[in-house]
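Beneath this line is the structure, given in structure tokens, with notes to follow.
The values are calculated or read from the model by the stated rules, or taken from the named source; none is laboratory data. Remember, it's a predicted structure, so these values are computed and weren't measured experimentally. Cβ sites come from the backbone with ideal geometry, for glycine too, and all protein chains shown count toward neighbours. Calculation scope for accessible area: heavy atoms of the full protein, side chains included, ligands and nucleic acids excluded. Shrake-Rupley method; radii C 1.70, N 1.55, O 1.52, S 1.80 Å.
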Amino acid sequence: MDAVIKLDKAPAKGVLRTDLGDRLFVQGGKTLFLGVLTVAVLLPLLAIFWRGFSGDAGQGGGLAAARELFASANFHWLLGNSLKVSLSVAAIVVPTAYLFAYALQRTLIPAKGLWRGISLLPLLAPSMLPGIALIYLFGNQGLLRDWLPDNIYGFWGIVLGQAIYTFPHALMVLLSALGMADARLFDAAASMGAGPWKAFRSITWPATRQAVFAAFCLVFTLCITDFGVPVVVGGDYQVLALEAYKAVVGQQQFGRGALIGMVLLVPALLSFGVDAWLRRRQGEAMSGRAQVFHPAPSKVRDACFLALVLVVCAVLLLVLGMAVYSSLVKFWPYNLSLSLRHYAFEETAGGGWLAYRNSLTLATCTALFGGALIFTGAYLMEKTRGQQWLNQALRLLSFVPMAVPGLVLGLGYVFFFNLPGNPLHFLYGSMTLLVICSIAHFLTTAQMTATTALRQLDGEFEAAALSLKAPLWRHYLRVTVPICLPALLDIVRYLFVSAMTTVSAAIFLYSPDSILAAVAVLNMDDAGNVGGAAAMSTLILLTSAAVSLLLAWASRGLLRRSQAWRRGAPATP
């Protein structure tokens, strides 16, 4: 019997899709998406556990090697350092990001768009850039060297660098939480004589504490799995992520790398599980009858929060500006005249302009192919019925990357695709594998964006196509994609910027021909060419910013046209 596809809100019960083209589009598309997720997500993660628990001494060494590693004093030292750094960064970043988000969402400070844009700038640069800037600010020959009692290399260097790197990640989570508020609750509290502080404790904090926990877990996971900042400013202060990187890249100890990778996977999985449990307990934050909250004027409150915002933005601009400035200085600190000599990458070690071109290729391919694949997969899951087991499997695999750090995913790719007996072994070291890994790494956030946009579309669109006997694939291309194009452009922008700045997974997968700009930053810094590393980081930052602004402008323009079309009015340019 031919398989059939039921559509959401079909005009009549029992109306089925039996067209061959639609069956190929829906069933074939879902099967292809499942195959991609299996190869790109599931099998590499299974390979980590296989390599870590393999009894072969040439592989992981099995439980004996695991017991030996976990019982060693060196491992305890590395684990303690990682926990200390990650908890310290989270304790600094989350409260600061909460106050910053509160200032943007719940006060009347001026120029909110400007402060928001500055606060998100670290997202456009690789994680090593804050560390490089800190060297020029507080290093042995730093501009502000006398401000610190000790040099920047070590614990505090890692903490400061990772705090700047993770701040915008926590801020985005908290901005979303604080952006949702029901004005009726605050009106009721005011009518009962509750002041601002009591209203915060009884309304705002209970509604946002789950987001605070989510931000804490996100920052903690990013820190404990990051090796970019420790490589640059860690000095003799070693952490687990750096040990995993050295074990695989420097020492070829794949079993040790797999065991450490599994350890790094534990906090991410625990955080993801607890966060999901808290989300189910909290339920919906706002009802459909909620009223938009508008903060009341308060000069003292706004002045205090504006001062906080100015301090945070000044720190971010100082760090990022120092990285840009140092890339233009001829010979720090003896010749401070401006020059482009550090941008002559072909004359220095690290990868040269080839690395930058490769990163552009990776980011473009990840954005285009990843955007098309993820959006189409989300459409098939959300707008078609039948094969429920397949839909559930796709949803589960789509959410797995959210709980898997990039470092662990990259290790899984090494262990899976580097197997000589693997028919996909030919992909190892190629640009194609880097694109696949980047799509898998950033899949969950992009898929959630696509799902949110698709759920806003009425199911009558598909019902109308069904009643007109129009092929579903044609309806998808001619109706759904144009309507959701602003969201699709947001996905493309996110994938481009993420692929342009990533280093955690790609560090294990590149070859001399596919070296990336973010990897070149590490290589140049390791070779002592800190100015060249700053120049490459600046180039990544400027490229990400330019593409992000262009796509954001296009997305807003399309959104205005779509809203004007729905109102039946001409769109303003």
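Do we have Pro206 as out of contact with any Gly (no Cβ under 7 Å at 6 or more places or on another chain) and open to solvent by less than 60 Å² (accessible area, probe 1.4 Å) here? Give the steps one after another, and end with the answer.
Working: out of contact with any Gly (no Cβ under 7 Å at 6 or more places or on another chain): yes; open to solvent by less than 60 Å² (accessible area, probe 1.4 Å): yes.
Criteria met by Pro206.
When each of Ala101, Ala73 is tested for being at pLDDT 90 or above and open to solvent by less than 30 Å² (accessible area, probe 1.4 Å), the lone residue that passes is Ala101. Among the residues that make up the stretch 145-162, is at least one of them surrounded by fewer than 21 Cβ atoms within 10 Å (Cβ to Cβ), among the charged types (D, E, K, R) and in a helix (DSSP H, G or I)? Yes. Of all residues in the stretch 326-372, those being more than 14 Å from Phe496 (Cα to Cα), open to solvent by less than 60 Å² (accessible area, probe 1.4 Å) and touching a Ser or Thr at 6+ places or on another chain (Cβ under 8 Å) number 6.
Screening Phe415 with (1) modelled with pLDDT of 85 or more; (2) touching a Lys or Arg at 6+ places or on another chain (Cβ under 8 Å); (3) more than 18 Å from Val249 (Cα to Cα); (4) not hydroxyl-bearing (Ser, Thr, Tyr) gives one miss only, at (3).
Looking only at the stretch 152-181, which residues are modelled with pLDDT under 80 and touching a Phe, Trp or Tyr at 6+ places or on another chain (Cβ under 7 Å)?
Filtering the stretch 152-181 down to residues modelled with pLDDT under 80 leaves 179-181.
If the condition is that a residue be modelled with pLDDT under 80 and touching a Phe, Trp or Tyr at 6+ places or on another chain (Cβ under 7 Å), then Ala181 is the only one that fits.
Selection of the stretch 329-365 for residues being in contact with a His (Cβ under 9 Å, 6 or more places away or on another chain) and either over 21 Å from Asp526 (Cα atoms) or free of Cβ contacts under 8 Å to residues at least 24 places away in the same chain (or both) yields only Lys330.
The residues on offer are Arg67, Arg23, Arg51, and the sole one that is among the basic types (Lys, Arg), part of a helix (DSSP H, G or I), at pLDDT 55 or above and surrounded by 18 or more Cβ atoms within 10 Å (Cβ to Cβ) is Arg51.
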